[in-house]
Ligand code: UD1
């Protein structure tokens with residue numbers, strides 16, 4: 001039995017395809033929700049829309065400081081494992097959140113093999129909580145599924161070579177599988193009306209959004225753009241947004257479901273974001289992306305200017321630079337989940 005721990009929005013999207021691949025290959029999986037994301041629109045809608053198997057338990061940790069959140073997951077997840085009727089053959093974790101690192105610490109200290117999906121990614125910026133989470137998780141993992149050759153290379157530089165596999169990105173699997181059915185189940189008509197040529201914006205990194213001045217500066221640059229901007233707002237921004245005058249060209253909305261996000265990606269002309277996942281999704285949707293960060297873990301997307309790093313002060317300049325390379329697939333073929341299931345089955349002999 002594989003015990004999976006997930007808790008944040010992008011992890012639901014990734015788990016949807018992997019859980020299905022496990023089911024298809026007869027691997028038993030038990031899913032635990034840490035409760036890191038807990039609001040209906042940040043959590044339940046994804047479980048429903050993507051038909052993720054019902055979680056066995058929800059630790060309901062909610063919000064808190066990094067230490068408080070991580071500590072609560074540590075205690076809660078260990079307790080769940082001790083109470084399980086069956087000891088897990090491995091613990092499966094995704095990405096770089098506080099849920100990921102907590103799961104990695106619990107499992108490795110209980111001598112349960114750790115499987116890490118999205119291994120080997122680095123921003124080399126240790127001020128990002130996610131970077132610490134990635135590095136530590138990779139170093140206690142036993143099976144590491146990377147999305148690219150550069151991630152495999154990075155692990156090698158850090159001395160990690162055993163059971164490292166480049167299978168591509170499971171998010172590409174999700175993108176392909178769910179783009180094909182999104183229009184059948186969702187609509188963004190209410191959101192965009194007859195708008196053509198809008199920019200899709202997401203912002204949630206602490207460095208961009210936690211200080212009112214930083215958020216204000218970014219919004220003021222965005223206010224100078226000619227296009228309309230649609231911004232599904234992450235709950236962490238709500239408090240600050242109440243104190244800021246929003247530029248006229250920005251229309252804010254509640255967080256989107258995954259299907260709505262895929263449709264918005266299809267309709268928009270350009271993406272501006274500080275998310276990791278959306279950088280890749282805009283590439284796969286063949287939409288130019290501006291990433292409001294100093295660095296990215298997804299360096300392949302930068303080639304040919306499909307994705308460009310920018311700050312509020314050079315955003316206007318970067319937005320006029322168009323991609324100069326023809327589009328070619330990145331991060332695998334969309335069969336990462338199937339490969340993960342088959343390798344896992346073989347390695348764990350389950
Ligand atoms: C987390 C991940 C980040 C990931 C993102 C995806 C960490 C360190 N960060 O960031 O890597 O890209 O998820 O969205 O794990 N909040 C709510 N309701 C919710 C969830 C959050 O109001 O359902 C608010 C709370 O004020 C909370 C804040 O958002 O304090 C931040 O949430 P948290 O889960 O700690 O981090 P994210 O910014 O979502």
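Each value in this text was obtained by applying a stated rule to the coordinates, not by laboratory testing. Everything numeric here is computed off the predicted structure, so don't read it as measured data. Note: ideal-geometry Cβ built from the backbone for every residue, glycine included; neighbour counts use all protein chains shown.
Of note:
- Cβ-based exposure ranking for 145, 22, 124, in which fewest neighbours within 10 Å come first: 124, 22, 145
- Highest-MSF residue in the chain out of 41, 109, 287 [GNM, Cα springs under 10 Å]: 109
- Efficiency of FRET from Cβ geometry, residue 24 and residue 48, R₀ 22 Å, rounded to 0.05: 0.60
- The eigenvalues of the Cα gyration tensor, multiplied by 5 and square-rooted, give the stretch 128-210 an equivalent ellipsoid with semi-axes of 35, 19, 10 Å from largest to smallest.
- Helical content of the chain, expressed as a calculated mean residue ellipticity at 222 nm, amounts to -12000 deg cm²/dmol (DSSP H runs of 4 or more residues, -39,500 (n - 2.57) each, divided by residue number, nearest 500).
- Translational D in µm²/s for the chain (Stokes-Einstein at 10 °C, 1.306 mPa s, Kirkwood Rh from C-alpha pairs): 77 µm²/s
- Against the main long axis of the alpha-carbon atoms of the chain, helix 212-222 sits at an angle near 60°.
- Residues in the stretch 80-111 reached by a label modelled at residue 162 [backbone nitrogen below 15 Å; 7 Å Cα→Cβ]: 108, 111
- Once the convex hull of all Cα atoms in the stretch 1-152 is built, its volume per residue stands at 107 Å³.
- For the stretch 195-252, the spread of Cα positions along the three principal axes, ordered from largest to smallest, is 31, 19, 18 Å.
- C-alpha long axis of helix 170-185 to longest principal axis of the chain, angle in °: 60 degrees
- Distance (nanometres) between label positions extended 7 Å along Cα→Cβ at residue 84 and residue 184: 3.3 nm
- Length gained when the stretch residue 153-residue 207 is fully extended (0.36 nm per residue, less Cα-Cα span): 16.6 nm
- Here the extension length gained between residue 326 and residue 238 equals 27.8 nm, from 0.36 nm per residue of separation less the Cα-Cα distance.
- Cα-Cα P(r), the stretch 182-318, percent of pairs per 10 Å interval: 12, 46, 36, 6, 0
- Put in line by how crowded their Cβ is, counting other Cβ atoms within 10 Å and starting with the fewest, 275, 150 read 150, 275.
- Its relative contact order, with pairs defined as Cα atoms under 8 Å and 6+ residues apart, puts the chain at 16 percent.
- Residue order, fewest to most beta carbons within 10 Å, for 327, 231: 327, 231
- The chain: angle of helix 66-83 to the longest principal axis, Cα-based, in degrees nearest 10: 30 degrees
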